[in-house]
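Presented below is the structure to which this report refers.
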């Protein structure tokens, strides 16, 4: 994982770990993956915003035009 998305990943895991979706999930091994999906119930809107920001960061790493120009705002 690139260092530019590490902070967003940590924020996402921290936010999801505190959500009721993860606490009430029947299988703890799959809880974070299942709750990170867009249609998951019990995840706050702030967590969904962090998940979307992380997804955008990861997608921008694959975009060659973005990789050459750099991330906007940095």
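For segment 3-69, build the convex hull from the C-alpha positions and give me its volume per residue in Å³.
Taking only Cα atoms, segment 3-69 has a hull volume of 90 Å³ per residue.
Could you rank the peptides 4-10, 16-22 by their average count of other C-beta atoms within 10 Å per residue, with the highest value first?
Listed from highest to lowest mean packing, they are 16-22, 4-10.
Beta carbons within 10 angstrom, averaged per residue: use that to sort the peptides 54-60, 24-30, highest first.
Output ranking for 54-60, 24-30: 54-60, 24-30.
Read the figures in this text as sums done on the coordinates, not as results from a lab. All values reported here derive from a predicted model rather than from experimental measurement. Here Cβ is always computed from backbone atoms with ideal geometry, including for glycine, and neighbour counts include all displayed protein chains.
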